[in-house]
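The values are calculated or read from the model by the stated rules, or taken from the named source; none is laboratory data. What you are looking at is a predicted structure, and each value in this text was computed from that prediction instead of being measured. Cβ sites come from the backbone with ideal geometry, for glycine too, and all protein chains shown count toward neighbours. Note: accessible area is taken over every heavy atom of the protein model, side chains too, but ligands, DNA and RNA are not part of it. Shrake-Rupley method; radii C 1.70, N 1.55, O 1.52, S 1.80 Å.
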Amino acid sequence: MFLRKLAALALCTLMSCASAQTFSFGLWGDMPYKKAGDELKMPALLASINSADIAFSIYDGDFKDGSSACGDPVYAEALAMFSGMQKPLIYVPGDNEWTDCHRLNNGGYDPLERLAYLRKTLFPTMNSLGKRSMPLSRQGAPGEKYAENARFEYKGIAFVTLNIPGSNNNVVLNDKECTSWSARTLAQCEAANAEHVERDAANTVWLQEAFAGAQARKARGLVVVMQADPGFDLPETEAVDESRAPGVSGYRNFIKALVTETEKFSGQVLLVHGDTHYFKVDKPLYSPAKLLPNLTRLQTFGSPSLHWVRVAVDAKSQHVFNIQPVIVKH
């Protein structure tokens with residue numbers, strides 16, 4: 001027995017025990033959209049993720065399109081899809097399933113009522129979804145406020161998910177925007193802005209705690225996942241700071257906190273989001289002319305491009321995260 005253990009240790013030393021430090025996870029979102037006919041493509045997409053050699057996957061929002069009704073059945077359909085995944089599935093909310101539900105073509109719902117329903121429906125326990133679930137730390141009790149914000153660690157890499165959706169993070173800029181193509185009242189828009197302020201503060205605390213924990217445990221990497229594109233894909237010029245545009249004002253506090261924490265973090269940060277539906281990897285911060293070197297942005301695929309992204313993690317490598325788009329044949 002002793003000789004076998006000694007031989008195994010020698011082999012492990014020879015191979016640097018790479019398997020103990022490496023794993024892969026999947027990223028997908030912004031699908032299926034009925035208006036794009038995605039239902040026919042979804043079986044191949046789900047089969048591809050389910051058969052892949054990944055530890056888990058994270059869905060970064062928008063399980064319905066932005067011009068369809070926000071009725072209860074779409075939440076049940078999403079829960080069934082996520083619960084049917086073979087590996088653990090961590091779901092992050094998007095704008096189409098709550099902030100945009102006030103639109104007339106969405107049924108004219110109260111977004112805050114839909115957010116409360118979303119929390120009770122899609123976050124019923126402390127664990128992930130999927131046939132094989134995994135334990136998570138959540139900012140709120142199951143089904144309650146901020147239950148959607150999660151943290152966990154896997155093989156020395158820290159993960160944090162946040163409810164930061166599109167449509168300017170639920171900020172309503174003025175009375176005209178409030179009622180345009182919308183069933184909202186001015187009182188509901190005031191309530192939306194109050195909700196944003198409270199959730200924005202909670203998100204910032206959750207993020208700061210994630211960085212503090214990752215640094216304390218000397219994690220080589222931290223993955224931050226949200227739904228919204230916070231303005232990275234506005235025209236990139238040196239003369240204009242597009243992050244100051246009114247339409248992305250709801251993300252400024254969070255991005256400021258992200259930059260501050262990333263600057264202090266000794267490892268690599270992978271910021272993941274959906275919302276814009278085009279696969280993209282870049283370093284958008286601080287600006288096109290100046291890099292925040294240890295932060296990489298990954299934007300995932302979305303309808304009608306039903307593909308996903310596999311991230312291979314090697315904590316011993318310089319860049320930690322190896323990003324691989326997975327193209328699904330439909």
Any hit, region 189-206, residues being more than 23 Å from the chain's Cα centre (by Cα) and on the phi > 0 side of the Ramachandran plot: no
Members of region 78-92 found to be more than 16 Å from the chain's Cα centre (by Cα) and crowded, with 23+ Cβ neighbours inside 10 Å, listed by number: none
Test: residue in region 104-115 that is part of a helix (DSSP H, G or I), open to solvent by less than 30 Å² (accessible area, probe 1.4 Å) and among the basic types (K, R): yes
Filter result (under 18 Å from R199 (Cβ atoms) and either touching a Cys at 6+ places or on another chain (Cβ under 6 Å) or acidic (D, E) (or both)) within region 63-108: D95, E97, D100, C101
Of the criteria (1) outside any helix (DSSP H, G or I); (2) within 16 Å of the chain's Cα centre (by Cα); (3) farther than 26 Å from G221 by Cα; (4) not hydrophobic (A, V, I, L, M, F, W, C), which one S68 fails: (2)
